[in-house]
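Colleague: Please read through the structure below; I'll follow up with questions.
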Amino acid sequence: MVLRERVSEHVYLFQSEVYAQVNAGVIVGPKWAVVVDTLALPEETRTMREFIARELRLPVRYVILTHYHADHSWGAYFFPGALVIAHTACRRLLDTRGREALEKVRQEEPAYQRVKLVLPHITFDTGELRLRLDPKVTLRLFPLPGHSEDGIGVYVEEDRVLFAGDAFMPLPTFMEGDVDQLVSSLKTMAKIPLENLIPGHGQVVLRGEIQDAIKSNLKYISEVRKYVRYSARYRYPGDYLGKVTVEKCGKSPALLGGVAPHLHRRNIWEFFRRRFGVYPRTSDEEEETEVEEA
Ligand SMILES: [Zn+2]
């Protein structure tokens with residue numbers, strides 16, 4: 001259910017096999033460990049905790065949340081002794097949208113009955129926050145917004161490993177964020193010396209592939225922008241955009257366990273709405289309205 005991989009000297013990666021290949025990590029020092037994100041299902045985060053306790057035999061001192069989305073943050077309560085670190089906006093969003101979402105999920109899914117949200121104890125919003133596990137393991141935390149406003153990256157300096165959160169995914173997603181910010185976050189990543197780029201979802205990207213992977217995401221974003229801009233010439237931009245498939249924008253529909261086409265459509269629809277203030281009109285919508293009126 002959870003795949004585990006040692007990425008570098010100090011970094012372990014955990015990946016969900018059941019939920020959109022979401023990633024979480026553990027960074028190990030000589031006396032304690034840092035968890036970066038939790039997994040989507042409570043039992044998956046429990047698996048992480050057991051590995052840390054039994055195999056690594058280390059206490060978890062900090063839990064860093066790359067952003068407030070449920071699949072990355074809701075497992076923080078599994079580490080009651082740890083201080084939670086995140087962006088200032090993450091605290092606010094967890095306390096509002098996160099709380100609302102959890103209430104709903106609790107009513108529908110028994111597995112989430114015991115989930116308790118943990119609001120971050122330490123927050124920052126600009127610049128960089130540094131954490132030292134020992135003289136040889138330095139973590140640098142800095143904002144990487146765009147997928148969501150509260151996105152942060154966690155750079156393990158000596159290992160040259162970056163946890164990018166959802167600012168890097170095999171298919172960029174910005175339905176809730178800001179596409180300009182996402183572009184600049186991707187450009188920030190491209191300048192960091194890296195052995196491994198750990199996306200919020202999907203496979204680890206290795207050194208030789210990182211620049212191409214970032215370029216491919218930038219290209220996808222510029223294609224989406226182009227089509228959305230062009231769609232405004234049509235009476236029914238939604239009809240036109242409905243035919244703009246994920247492949248047309250340079251990405252495979254098989255990405256992220258097959259949810260790519262769905263995420264792609266949301267990217268387009270939300271980006272259009274942000275640009276023009278309404279969702280793209282489609283002709284069948286209009287027919288429906290006419291029928292209703294009649
Ligand atoms: Zn997310």
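The values are calculated or read from the model by the stated rules, or taken from the named source; none is laboratory data. Since this is a predicted model, take the numbers as computed values, not measurements. Note that we place each Cβ from the backbone using ideal geometry, even for glycine, and neighbour counts take in every protein chain shown.
Colleague: When you look at ARG160, is it surrounded by fewer than 22 Cβ atoms within 10 Å (Cβ to Cβ), assigned by TED's automatic domain parsing to the domain that holds ALA213 and either touching a Cys at 6+ places or on another chain (Cβ under 7 Å) or at positive phi (or both), yes or no?
Modeller: yes
Colleague: In addition: Suppose we keep only residues that are assigned to a loop (DSSP other than H, G, I, E, B) and out of contact with any strand residue (DSSP E or B) (no Cβ under 6 Å at 6 or more places or on another chain) within segment 159-168. Which one would you say is nearest to the ligand (Cβ to nearest atom)?
Modeller: Checked segment 159-168; the qualifying residue nearest to the ligand (Cβ to nearest atom) is ASP166.
Colleague: Condition first: surrounded by 18 or more Cβ atoms within 10 Å (Cβ to Cβ) and either among the charged types (D, E, K, R) or assigned to a loop (DSSP other than H, G, I, E, B) (or both). Now tell me which residues in segment 1-19 satisfy that.
Modeller: HIS10
Colleague: Does at least one position in segment 126-147 carry a residue that is within 16 Å of the ligand (Cβ to nearest atom), in contact with a strand residue (DSSP E or B) (Cβ under 8 Å, 6 or more places away or on another chain), among the aliphatic types (A, V, I, L, M) and assigned by TED's automatic domain parsing to the domain that holds HIS69?
Modeller: Looking through segment 126-147, at least one residue is within 16 Å of the ligand (Cβ to nearest atom), in contact with a strand residue (DSSP E or B) (Cβ under 8 Å, 6 or more places away or on another chain), among the aliphatic types (A, V, I, L, M) and assigned by TED's automatic domain parsing to the domain that holds HIS69.
Colleague: Just checking: which of the helices (runs of 4 or more DSSP H) contained wholly in segment 51-120 hold 3 or more residues that are buried (at least 19 other Cβ atoms within 10 Å of the Cβ)?
Modeller: In segment 51-120, 70-73, 88-93 are the helices (runs of 4 or more DSSP H) which contain 3 or more residues that are buried (at least 19 other Cβ atoms within 10 Å of the Cβ).
Colleague: Give me a count of the residues in segment 216-244 that are hydroxyl-bearing (Ser, Thr, Tyr) and in contact with a helix residue (DSSP H, G or I) (Cβ under 7 Å, 6 or more places away or on another chain).
Modeller: 6
Colleague: Now for a different question. How many residues, within segment 200-214, are out of contact with any Asp or Glu (no Cβ under 8 Å at 6 or more places or on another chain) and not charged (D, E, K, R)?
Modeller: 8
Colleague: Quick one: which of PRO59, PRO30 is more than 16 Å from the ligand (Cβ to nearest atom) and either in contact with an Asp or Glu (Cβ under 6 Å, 6 or more places away or on another chain) or closer than 23 Å to ARG106 by Cα (or both)?
Modeller: Step by step, each of PRO59, PRO30 is checked, and only PRO30 is more than 16 Å from the ligand (Cβ to nearest atom) and either in contact with an Asp or Glu (Cβ under 6 Å, 6 or more places away or on another chain) or closer than 23 Å to ARG106 by Cα (or both).
Colleague: Quick one: what pairs do we get from segment 122-148, first residue over 14 Å from VAL36 (Cβ atoms), second hydroxyl-bearing (Ser, Thr, Tyr) and within 16 Å of the ligand (Cβ to nearest atom), C-beta under 9 Å, 6+ apart or different chains?
Modeller: Taking only residues 6 or more apart or on different chains, the pairs are PRO143/SER185; PRO145/SER185; GLY146/SER185; HIS147/THR173; HIS147/SER185; SER148/TYR68.
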